[in-house]
1. For Thr20, list long-range residues whose amide hydrogen, built 1.01 Å from N in the peptide plane, is under 5 Å from its own amide hydrogen.
2. Whole-Hz ³J(HN,Hα) for each residue in the stretch 11-17, computed from phi via Karplus 6.51 cos²θ - 1.76 cosθ + 1.60 with θ = phi - 60°, x for glycine and proline: what do you get?
3. Give the label of the value calculated from the structure for volume of the Cα convex hull per residue in Å³, choosing from [x] 171; [y] 142; [z] 194.
4. Would you look at the GNM of the chain, springs on alpha carbons closer than 10 Å, and say which of Leu92, Leu64, Leu317 moves the most?
5. At 222 nm, what value in deg cm²/dmol follows for the chain if DSSP H runs of at least 4 each add -39500 (n - 2.57) and the sum is divided by all its residues, to the nearest 500?
6. Put +1 on the Cβ of each Lys and Arg and -1 on the Cβ of each Asp and Glu in the chain; which of Ala328, Ile400, Ser199 then has its Cα farthest toward the positive end of the dipole?
7. Would you pull out the residues with amide H under 5 Å of Thr358's amide H, same chain only if 5 or more places away, H placed 1.01 Å from N?
8. Check Phe101: other-chain or 5+ apart residues with amide H under 5 Å from its amide H, H built from backbone geometry?
Amino acid sequence: MSESASTPLLAGLRVIELATMVFAPSACVILAEFGAEIIKVEEPRAGDLNRGYHKLPGMPVSELAYTFEVDNRNKKSVALDLKTAAGHTALLELIRGADVFVTNLRPQVLERLRLDYDALQSLNSRLIYAHASGYGEQGAEREKPGYDTICYWSRSGIEAHVFPYEGWLSQFPFGAGDHPSGMTLFAAIMTALYRRQQSGAGCKVSSSLLANGTWANATMLQAQLARAQFQDKRPRDNAWTFTTIHYRSRDDRLLKMGIVNIDKDWRPFCQAMELTELITDPRFLTQPDRLAHMQELIAIVSERFLTREMAWWQARLAEYDIPHALMANYPEAADDPQKAAIEAIVPMLHPQLGQIRTISSPFQLSDYEKVPAKPAPGLGQHTREVLTEIGLDKDTIEAIVNAATTD
């Protein structure tokens, strides 16, 4: 890292986050990783709803609020009761000196609190105002509540596409649609900051779970928009292709291949599987032949996989350069050495749990290192510190703190 890059890339950038759950906070944690100061404003008594979501029925059991931790590292927490004049005024003072304001409150709530874009632009003309929502800012559903489970997965068509015949055992993993959506919001904020660098003026950016789910499923939705004819779903043993389904090994592990260039990989695949007789089998000579006899091919390959343990198959497929992946369980997914190599999982010192690991954002800059991961803050942990920095007097700060801790 060069001397000029020893200072974090976004050092000096102040971001006010008034948001709960995952979508908007995940965008801010990426900003924090590159050095931005994130001041998270929370409701005083309960804070961000995500502080307690690790306790939902069926979630992995832990004393650590892990659902909150991953999206709120390296932030400062300020507890403000926005229903009080002092709390609301303190928030406006924070925004007055900020570069970015990020929120996921619904439009009516923002207008009622006088925190809509027009109100804050008059307060701070250089402010980047970033709004995250379930359904977007226009249309009949703009005020509807929404989470990734419904806006991203269900409304996009993704869930219907992959829904199995027997139904779900459980829903998509917590936040799995929020995090890619948060990356979009992060990109929007950085685009707006670039625009401000050119023009000197702030602006508003927005993104929604509905738009992100639509983008994630763009290929299949474009097929619909182009009036393509969709094929019927088929059970696994009669799938359209053998190249992307799951196979079970002798030691009862599942593997999935991802063969795209079948003309190139057919011979190496047969060699890897020790099924070289298939190369000259009239049923499988060409891709049209294989499609015509796909059910037979799937049965042959499935039977073959059952003859060896998974480790053997992984080594064999790797030797012949066949794209594949083990269906990892969570211990394997967390301890994947390749993830450590690319710093997708990084160390973090936690005040209660000691040395643990956490998930980093999914990109790197060649000349800038990310800020080391620090634990998420306690509710209101930095209230006095931050309010002192913006010039509030001690009596006002203590009144705000006391109001935040009194029912």
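1. Counting only residues 5 or more places away or on other chains, the set is Asn104.
2. Going residue by residue, I get 4, x, 7, 9, 10, 9, 10 Hz, with x marking Gly and Pro.
3. The listed entry that was calculated here is [z].
4. Result for the chain, Cα springs under 10 Å: Leu317 fluctuates most.
5. -10500 deg cm²/dmol
6. Towards the positive end, the residue furthest out is Ser199.
7. Hits under the 5 Å cutoff: Val346, Met348.
8. Amide H neighbours of Phe101: Ile16, Ile128, Tyr129, Ala130.
Readers should treat all values here as calculations from the given coordinates under stated rules, not as data from a laboratory. Keep in mind that this is a model prediction, so the values were computed, not measured. Using ideal geometry, Cβ is built from the backbone for each residue, glycine included, and neighbour counts are taken over all protein chains shown.
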